[in-house]
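Structure first, then comments.
The values are calculated or read from the model by the stated rules, or taken from the named source; none is laboratory data. Treat the numbers as computed from the prediction; the structure is a model and nothing was measured. We place every Cβ from the backbone using ideal geometry, glycine too, and count neighbours over all the protein chains shown. Note: accessible area is taken over every heavy atom of the protein model, side chains too, but ligands, DNA and RNA are not part of it. Shrake-Rupley method; radii C 1.70, N 1.55, O 1.52, S 1.80 Å.
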Amino acid sequence: MSTEPRINDRIRVPEVRLVGPSGEQVGIVPLAKALELAQEYDLDLVEVAATARPPVCKLMDYGKFKYESAMKAREARKNQAHTVIKEMKLRPKIDPHDYDTKKGHVVRFLKQGDKVKITIMFRGREQSRPELGFRLLQRLANDVQELGFVESSAKQDGRNMIMVLGPHKKKTEAMAEARAIADARKAERQGRNAGPDDQAADDDAALEAENAAAEAEADAEDIDETDEVDEVTEAEVTDEAAAEADAEGEKPAEATQDA
């Protein structure tokens, strides 16, 4: 069923309670009289309370009313913030360069006011070394403590270890700050007679401010598919071999002799 109010000839009642263009109460009048007044004022007769007896109708510019309502709804959606949880996956023996890259993404998510779920993935014998994942999560939490806090402490979940970071800045504040930066750039461009290149840069900044959440989510999906195989240094290989030998109750010398 249509939610649009009935206007003008679509109103099918013998009489209405009429409200004037400025909100004044005209009273109960026949429908024909109300339509005649609408033509005199060059306005529309709009049914604003269909369930009342008699229905309440108002004289207004219906096209202008619809436009203003759409603008108010758009502004409300712009200021509306949804709680988003991003996810970042790491390995216990992650390369330092990969760690810096993923830490940068975590920083970006927190600046946008989003929560970040950090997942440490253990494979094979790495499951016997949970302290490696715990130390990595602690290191990451300390590195981003200016932007976020540990909302959920590290805990083991099967072959994974999970920690959730919450932002210090609210989502609405982050969105308002991004829009303010975009507006400042636009004002700066206009102040010095922006050329085509400056206008393009300003449009990019505005688009980034409005669609930051969608872009960040797409980046997170791409990042999660990476880091399938981490580089292992020679020292890590030696440590892992020693750990395997200790776990099996064999000495390295005995293993060499058997070989």
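Of all residues in the range 11-21, exactly one satisfies the criterion of being open to solvent by 80 Å² or more (accessible area, probe 1.4 Å) and within 14 Å of residue 38 (Cα to Cα), namely 17. Count of the range 36-55 residues, restricted to those that are of a type outside the set (Val, Ile, Thr) and within 13 Å of residue 6 (Cα to Cα), is 6.
Each row is one residue, and each column tells you yes or no for (1) hydroxyl-bearing (Ser, Thr, Tyr); (2) at positive phi; (3) out of contact with any Ser or Thr (no Cβ under 8 Å at 6 or more places or on another chain).
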| position | (1), (2), (3) |
| --- | --- |
| 85 | no, no, yes |
| 88 | no, no, no |
| 92 | no, no, yes |
| 103 | no, no, yes |
| 113 | no, yes, no |
| 117 | no, no, yes |
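With the requirement that a residue be out of contact with any Gly (no Cβ under 8 Å at 6 or more places or on another chain) and assigned to a strand (DSSP E or B), what does the range 106-124 give you? 117, 118, 119, 121 - these are the residues of the range 106-124 that are out of contact with any Gly (no Cβ under 8 Å at 6 or more places or on another chain) and assigned to a strand (DSSP E or B).
For beta carbons closer than 6 Å, sequence separation of 6+ or different chains, a first residue in the range 129-141 that is under 17 Å from residue 110 (Cβ atoms) and modelled with pLDDT of 90 or more and a second that is aliphatic (A, V, I, L, M) and open to solvent by 40 Å² or more (accessible area, probe 1.4 Å), the qualifying pairs are 141/150. Annotation note: Cβ proximity below 6 Å between a residue of the range 112-127 that is small (Gly, Ala, Ser) and a residue that is part of a loop (DSSP other than H, G, I, E, B) and surrounded by fewer than 20 Cβ atoms within 10 Å (Cβ to Cβ) (sequence gap 6+ or interchain) occurs for 113/169; 113/170.
Within the range 165-175, being surrounded by fewer than 18 Cβ atoms within 10 Å (Cβ to Cβ) and touching a Ser or Thr at 6+ places or on another chain (Cβ under 9 Å) holds for one residue alone: 166.
Exactly one residue out of 101, 3 is among the polar types (S, T, N, Q) and either open to solvent by less than 90 Å² (accessible area, probe 1.4 Å) or touching a Phe, Trp or Tyr at 6+ places or on another chain (Cβ under 6 Å) (or both), and it is 101. The set of residues from the range 48-59 being touching a Cys at 6+ places or on another chain (Cβ under 9 Å) and either open to solvent by less than 70 Å² (accessible area, probe 1.4 Å) or at pLDDT 90 or above (or both) comprises just one member, 49. For the range 104-130, the set of residues classified as under 18 Å from residue 156 (Cβ atoms), open to solvent by less than 30 Å² (accessible area, probe 1.4 Å) and touching a strand residue (DSSP E or B) at 6+ places or on another chain (Cβ under 6 Å) consists of 118, 119, 120, listed by residue number. Is it the case that some residue within the range 139-156 is more than 18 Å from residue 86 (Cα to Cα) and crowded, with 20+ Cβ neighbours inside 10 Å? Within the range 139-156, none of the residues are more than 18 Å from residue 86 (Cα to Cα) and crowded, with 20+ Cβ neighbours inside 10 Å.
Scanning the range 24-47 for residues that are within 21 Å of residue 67 (Cα to Cα), touching a residue at least 24 places away in the same chain (Cβ under 8 Å) and loosely packed, with under 15 Cβ neighbours inside 10 Å gives no hits.
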